[in-house]
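Undergrad: Questions regarding the structure given below will be posed in turn.
The values are calculated or read from the model by the stated rules, or taken from the named source; none is laboratory data. In this text the structure is predicted, and so the values were computed from the model without any measurement. Backbone-built Cβ (ideal geometry, glycine too); neighbour counts: all protein chains shown. Heavy atoms of the whole protein, side chains included, go into the accessibility calculation; ligands, DNA and RNA do not. Shrake-Rupley method; radii C 1.70, N 1.55, O 1.52, S 1.80 Å.
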Amino acid sequence: MSRRRVQTFIFVGSIVLAFLLQLTPLPQAFLPLKPYWIALVLIYWSIEAPERMGLGFAFLIGLAGDLLTGQLLGEQALRLIVLVFIVLRFRSRLRFFPLSQQALAVLALLLNDRIVVIMVRGFSGDPIPSLGFWVSPFVGMLAWPFVFLLLDDVRARLRAHET
C-alpha cells in the first residue's frame, strides 16, 4: 500500500474511532466524565497535519456528529469550526509547546467549546446545565497526552516502516 493511502487510512480511522468513543454508552453518573473525543482528534490533526484539516472538513465532521448523536443540527458543526479555527490560528505556537502546556491549551479550547455549547443551547431555549457539565474539559485535558502520544506513535511507526 502506498504511503498516502496508509496516511489517509490512519486519518479516517482515528476520526471513526473518535466517533465510536463518542457514541459509547455510559451510565448516567459517568456521562459528565466523557471527554469530547472528536474534538481531541481534530485538535491533533489540526496541529500535526493542517493541510488535511480545514474549516469545511470540521463542519462536515460536526454535521455527521450531530446526525449520529441526535443533537441540534449544526451545534457540533459550529463547535468544531470554532475549535479548529482557533487551533489553526495558533498552530505554530501550539506545535512546539511541551505536552503539559499543550494539555493546558487543550483545556482552554475545551472550556471555550463549553461556552459555545451554552450559547447555542441558550439561544434554543434549553436550561443552563449543571456543574457536572464543566467536568468533561478537565477529563479531556487529562486524556490529551494519551491521544497525542497514541496518534503520534502510529504516525511514527508508519514513517519507520517506510524507510
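Undergrad: Keeping to the range 46-100, report how many residues are open to solvent by 80 Å² or more (accessible area, probe 1.4 Å) and within 22 Å of Phe9 (Cα to Cα).
TA: 4
Undergrad: Among the residues that make up the range 38-45, is at least one of them under 16 Å from the mean Cα position of the chain (by Cα) and open to solvent by 50 Å² or more (accessible area, probe 1.4 Å)?
TA: Scanning the range 38-45 turns up no residue that is under 16 Å from the mean Cα position of the chain (by Cα) and open to solvent by 50 Å² or more (accessible area, probe 1.4 Å).
Undergrad: Only one of these is of a type outside the set (A, V, I, L, M, F, W, C) and either open to solvent by less than 60 Å² (accessible area, probe 1.4 Å) or modelled with pLDDT of 95 or more (or both): Gln22, Gln28. Name it.
TA: Numbers: Gln28 fails: either open to solvent by less than 60 Å² (accessible area, probe 1.4 Å) or modelled with pLDDT of 95 or more (or both).
From the options Gln22, Gln28, the qualifying one is Gln22.
Undergrad: Out of the residues in the range 141-163 meeting the condition of being more than 19 Å from Val41 (Cβ to Cβ), part of a helix (DSSP H, G or I) and free of Cβ contacts under 8 Å to residues at least 60 places away in the same chain, tell me which one is nearest to the chain's Cα centre (by Cα).
TA: Among residues in the range 141-163 that are more than 19 Å from Val41 (Cβ to Cβ), part of a helix (DSSP H, G or I) and free of Cβ contacts under 8 Å to residues at least 60 places away in the same chain, the one nearest to the chain's Cα centre (by Cα) is Arg159.
Undergrad: Could I ask something else about it? Out of everything in the range 115-140 that is assigned to a helix (DSSP H, G or I) and among the aliphatic types (A, V, I, L, M), what residue ends up being surrounded by the most Cβ atoms within 10 Å (Cβ to Cβ)?
TA: Looking only at the range 115-140, we keep the residues that are assigned to a helix (DSSP H, G or I), and these are 115-123, 131-134, 136-140.
With the extra rule that they be among the aliphatic types (A, V, I, L, M), the set shrinks to 115-120, 131, 139.
On the way: Ile115: 11, Val116: 16, Val117: 19, Ile118: 15, Met119: 11, Val120: 17, Leu131: 7, Val139: 15.
Per the stated criteria, the residue is Val117.
Undergrad: Mind listing just one residue for me: the one in the range 63-77 that is part of a helix (DSSP H, G or I) and more than 16 Å from Ile115 (Cα to Cα) and, of those, nearest to the chain's Cα centre (by Cα)?
TA: This residue is Gly65.
Undergrad: Could we say that Pro145 is open to solvent by 30 Å² or more (accessible area, probe 1.4 Å) and within 25 Å of Gln28 (Cα to Cα) here?
TA: Answer is no for this residue.
Undergrad: Among the listed residues Phe133, Phe138, identify the single one that is aromatic (Phe, Trp, Tyr) and over 19 Å from Gln76 (Cβ atoms).
TA: Exactly one residue qualifies, and that residue is Phe138.
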